[in-house]
Amino acid sequence: MENNSALATGQRAAITALSICPKKEDHAGLRSLISTSDWPLCRGFRWALRSTDSLDKALPVLVSGGIPVLLCERDLARGTWKDVVEALHALPDPPYVIVTSKHADDRLWVEALNLGAYDVLQTPFNPSELTRTLSLAWLRWTDRRKPMVAQAARSVA
């Protein structure tokens with residue numbers, strides 16, 4: 001609802017992605033790419049990035065909701081992307097998880113998809129691959145929410 005009203009007033013609404021990665025320099029590079037990329041599938045929107053280095057710090061943000069896409073480094077200081085995916089099962093409206101790794105290969109991709117991740121991206125990021133993957137994950141998340149929003153509207157009426 002906020003996004004539509006922002007478009008009507010000429011403002012660019014923000015789509016927030018969350019990054020969990022133990023390396024601060026990776027957050028800075030990702031933030032730069034997100035702020036300068038062209039988003040053909042998300043016209044009228046801008047992207048914002050929240051970042052943290054652990055699942056423990058990410059959980060309060062995720063529980064509050066509204067995060068459509070989560071980028072998660074394969075290996076965290078404590079745990080892995082698998083722990084993140086498992087923790088998201090408890091959320092009513094979880095984000096789509098994109099696993100990131102310098103050593104992304106077919107084995108990681110197959111494992112990630114089989115365990116519930118949305119996709120896998122190799123780092124350093126290819127800007128066009130990053131924008132395509134984030135955009136498609138966001139569009140899928142918004143489509144998934146349409147029945148929930150309609151149900152909530154019926155409940156209020």
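Just so you know, all these numbers are worked out from the coordinates, no wet-lab data involved. Because the structure is predicted, anything quoted here is derived from the model rather than measured. Every residue, glycine as well, gets a Cβ built from its backbone with ideal geometry; the counts of neighbours run over all protein chains shown.
Of note:
- One entry in [x] -0.84, -0.93, -1.02, -1.08; [y] -0.70, -0.91, -1.14, -1.26; [z] -0.85, -1.02, -1.20, -1.29 is log10 I(q)/I(0) by the Debye sum over Cα atoms at q = 0.14, 0.16, 0.18, 0.19 Å⁻¹ calculated from the shown coordinates; its label is [y].
- Structure remark: mean-square fluctuation, Gaussian network model of the chain, C-alpha springs under 10 Å; the largest value among SER32, SER135, SER54 belongs to SER32.
- Long-range amide H partners of SER54 with built H, under 5 Å: CYS21
- The residues TRP138, TRP81, when put in order of fewest to most other Cβ atoms within 10 Å, stand as TRP138, TRP81.
- Within the stretch 91-133: backbone nitrogen closer than 11 Å to the ARG144 label point (7 Å, Cα to C-beta): 91-98, 116-119
- For THR16, distant residues with modelled amide H under 5 Å away: ALA48
- Computed [θ] at 222 nm, deg cm²/dmol, the chain (DSSP H ≥ 4; -39,500 (n - 2.57); rounded to nearest 500): -15500 deg cm²/dmol
- The length gained on full extension between LEU115 and ASP75, counted as 0.36 nm times the residue separation minus their Cα-Cα distance, comes to 12.8 nm.
- By the combined test of axial Cα extent (at least 24 Å) and Kyte-Doolittle hydropathy (mean at least -1.0), the qualifying DSSP H helices of the chain come to 127-156.
- In nm, spacing of pseudo-spin labels at SER64 and LEU91 (7 Å Cα→C-beta vector): 1.3 nm
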